[in-house]
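One structure is given below, encoded as structure tokens.
The values are calculated or read from the model by the stated rules, or taken from the named source; none is laboratory data. Being a predicted model, the structure only gives us computed values, none of them experimental. Reconstructed Cβ throughout: ideal geometry from the backbone, glycine too, with neighbour counts over all protein chains shown.
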């Protein structure tokens, strides 16, 4: 049996960079560091429940951490707006420097669910069944959603005059 601290340290060494990259593509560098810390706090607390193939589970945890942060930020922005009598809240831009502006606009045009699904496949390199696990849905449902999301992205990219191929891992 592996000692809990050794298991935790191995998970951190093997996956912290991947979780950080995932978070960095969705938030600011400072917030990405916080997301990694929160994810591995969950890992420590649930060490006995980490699956044998931990990446999809870890990405699912990171996704929920980011969603919680967005809800908190949204509530804070709404409160700030009410406090200053209607001034629009400042929304932080989440921009990935690797992406061309046209691709960013096409991705921004997708629903949050479609965008998350496409990014799990394209950026995180997950297979459909792994993305399904990260999002908490069945693989069959995920395959249908991915097909539809790819069609919407293809239309958005065509409008931006971008021609790219997205690889899907089954």
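Kindly indicate whether any position in region 1-19 is surrounded by 16 or more Cβ atoms within 10 Å (Cβ to Cβ), touching a helix residue (DSSP H, G or I) at 6+ places or on another chain (Cβ under 8 Å), free of Cβ contacts under 8 Å to residues at least 24 places away in the same chain and closer than 19 Å to residue 123 by Cα. No - not one qualifying residue is present in region 1-19.
Against the criterion of being part of a helix (DSSP H, G or I) and either modelled with pLDDT of 80 or more or over 15 Å from the mean Cα position of the chain (by Cα) (or both), residue 118 qualifies. Taking region 20-72 as the range and being out of contact with any helix residue (DSSP H, G or I) (no Cβ under 9 Å at 6 or more places or on another chain) and touching a residue at least 40 places away in the same chain (Cβ under 8 Å) as the test, only 28 passes.
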